[in-house]
Amino acid sequence: MDNMDWSNIGFGYRKTNGNVRCYYKDGAWGEVEVSTDEYINIHMAATCLHYGQSAFEGLKAFRGKDGKVRVFRLEANAERLRNSCDGILMPHISTELFREMVTKVVEHNIDFVPPYESGASLYIRPLLIGTSAQVGVNPSKEYLFVMFVTPVGPYFKKGFAVNDFVIYRHCDRAAPLGTGRYKVGGNYAAGMKASCQAHSEGYACEIYLDAKEKKYIDECGAANFIGIKGNSYVTPKSTSILPSITNNSLMRLAADMGMTVEQRQIPEEELSTFDEAGACGTAAVVSPIGRIDDVEKGVSYVISKDGKPGPVLTELYTKLRAIQYGDIADPYGWVTVIE
Ligand SMILES: *Cc1c(COP(=O)(O)O)cnc(C)c1O
């Protein structure tokens, strides 16, 4: 792997040494298997294909200055996956099984964890799907839990920078009591059209309002929204957003920096009062927002007056990255070192 240009690998799929798999049959999970096959062989009537019984996770492993590899918050990802399982009636994965598979897939692909200096990392993608044939709408009896990894480049190639976002009123990603709070494939299909429209109109990402009243900020594409106002960290409270583990971590860091953390409804008009705003998630940690356009309403909110990320989000971003790469101590027990 010595000849890899780690800083320029982007965010695509790359073949690695292998993936790990576990099959659920007759009411129980089997043994973990390592596979070099990039394909899965499933029945054409599998429930994941027709009825969306498909949930996934996304987490990362980072190589530190000390050469050690650290996985960020795998227990929280395991717990969130169980929540998704409850949402679409799939069997639970225990934290122990999740940990065993993360450890195995990272160890097996340790050469693919990019070097510290590159700013790149190893993305881990666990996927749980219903695999048995079912023509009537019923949960599958059999499941496949597969985990693969792929190295991903630094999100901010030219450094931490602001981007413009757009509010779309003509599209909802999730219903108030629907599946938005679960990390399931169907939510991504629901948002794909709006996301492509945003990109084609020159925006980094689309923002959804709450589907019922169209008054409050809900989610940014596949990332949670954060607003900074004075000493407050404000993030939406909603039944249709996916609880981001990055957001949860940043809330903790903000509270420990002495900030007030507010999880509450954010009316769209309040955007004009934020000193800083950003979208957060595993891919970017924080993506600072320059301007938000509500094209259908004909309003623009300029968040960053100088076109640069603000000091609070920059500090939060820097701290979280430092914990992930092992540059500073992790007082929260968030990282698992893979020996
Ligand atoms: C995965 C995801 C996020 C970000 O969650 P992290 O745990 O921070 O990566 C936010 N919103 C949606 C819809 C997601 O699927």
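The values are calculated or read from the model by the stated rules, or taken from the named source; none is laboratory data. Source: prediction; values computed, not measured. Here the Cβ is made from the backbone with ideal geometry for all residues, glycine too, and neighbour counts use every protein chain on show. In case anyone asks, the SASA skips ligands and DNA or RNA and just uses the protein heavy atoms, side chains included. Shrake-Rupley method; radii C 1.70, N 1.55, O 1.52, S 1.80 Å.
Out of R125, R181, report the one residue that is at pLDDT 95 or above, in a loop (DSSP other than H, G, I, E, B) and of a type in the set (K, R).
The conditions single out R181.
Taking the conditions exactly as written (in the same structural domain as V135 (by TED's automatic domain parsing) and either over 24 Å from the mean Cα position of the chain (by Cα) or assigned to a helix (DSSP H, G or I) (or both)), does V34 satisfy them or not?
Here the answer is yes, as V34 does meet what is asked.
Which residues, counting only those in the stretch 284-297, are within 16 Å of the ligand (Cβ to nearest atom) and either surrounded by fewer than 17 Cβ atoms within 10 Å (Cβ to Cβ) or part of a strand (DSSP E or B) (or both)?
Answer for the stretch 284-297, where residues must be within 16 Å of the ligand (Cβ to nearest atom) and either surrounded by fewer than 17 Cβ atoms within 10 Å (Cβ to Cβ) or part of a strand (DSSP E or B) (or both): V285, V286, S287, P288, I289.
Could you check C196 against (1) more than 11 Å from the ligand (Cβ to nearest atom); (2) closer than 17 Å to A175 by Cα; (3) not in a strand (DSSP E or B) and say which number it fails?
The number of the failed condition is (2).
Looking at the stretch 282-311 only, could you name the residues that are within 25 Å of the chain's Cα centre (by Cα) and at positive phi?
Once the filter is applied, which keeps residues that are within 25 Å of the chain's Cα centre (by Cα) and at positive phi, the stretch 282-311 yields only V285.
Among the numbered criteria (1) away from the ligand (no atom under 16 Å from the Cβ); (2) at pLDDT 95 or above, which single criterion is violated by V149?
Unmet condition: (1).
Could you tell me whether the stretch 313-336 includes any residue that is under 24 Å from Y168 (Cα atoms) and either in the same structural domain as I241 (by TED's automatic domain parsing) or open to solvent by 50 Å² or more (accessible area, probe 1.4 Å) (or both)?
No, the stretch 313-336 contains no residue that is under 24 Å from Y168 (Cα atoms) and either in the same structural domain as I241 (by TED's automatic domain parsing) or open to solvent by 50 Å² or more (accessible area, probe 1.4 Å) (or both).
Out of curiosity, is E206 open to solvent by less than 20 Å² (accessible area, probe 1.4 Å), within 14 Å of the ligand (Cβ to nearest atom), closer than 15 Å to V286 by Cα and among the charged types (D, E, K, R)?
no
If the Cβ limit is 9 Å and pairs must be 6+ apart or interchain, which residue in the stretch 66-92 that is under 27 Å from Q324 (Cα atoms) and assigned to a helix (DSSP H, G or I) pairs with which residue that is aliphatic (A, V, I, L, M) and open to solvent by 70 Å² or more (accessible area, probe 1.4 Å)?
Short answer, once both residue conditions are applied: none.
Tell me, which strands (runs of 3 or more DSSP E) wholly within the stretch 215-275 include 2 or more residues that are under 21 Å from R181 (Cα atoms) and within 13 Å of the ligand (Cβ to nearest atom)?
It comes to 217-220, 223-229, 232-236.
Pick from E100, E107, E96: which is without any contact (Cβ under 8 Å) to a residue 40 or more places away in the chain and open to solvent by 70 Å² or more (accessible area, probe 1.4 Å)?
E96
With (1) within 16 Å of the ligand (Cβ to nearest atom); (2) out of contact with any Ser or Thr (no Cβ under 6 Å at 6 or more places or on another chain); (3) open to solvent by less than 60 Å² (accessible area, probe 1.4 Å) as the list, and Y182 as the residue in question, which single condition is left unmet?
(2)
With respect to G67, determine if the residue is open to solvent by less than 40 Å² (accessible area, probe 1.4 Å) and either over 18 Å from the mean Cα position of the chain (by Cα) or more than 14 Å from the ligand (Cβ to nearest atom) (or both).
yes
What is the one condition in (1) under 27 Å from D111 (Cβ atoms); (2) more than 19 Å from the chain's Cα centre (by Cα); (3) crowded, with 16+ Cβ neighbours inside 10 Å that F56 does not satisfy?
(2)
Are any of the residues in the stretch 7-22 modelled with pLDDT of 95 or more, of a type in the set (F, W, Y) and either within 30 Å of K157 (Cβ to Cβ) or open to solvent by less than 80 Å² (accessible area, probe 1.4 Å) (or both)?
Looking for residues that are modelled with pLDDT of 95 or more, of a type in the set (F, W, Y) and either within 30 Å of K157 (Cβ to Cβ) or open to solvent by less than 80 Å² (accessible area, probe 1.4 Å) (or both), one finds none in the stretch 7-22, hence no.
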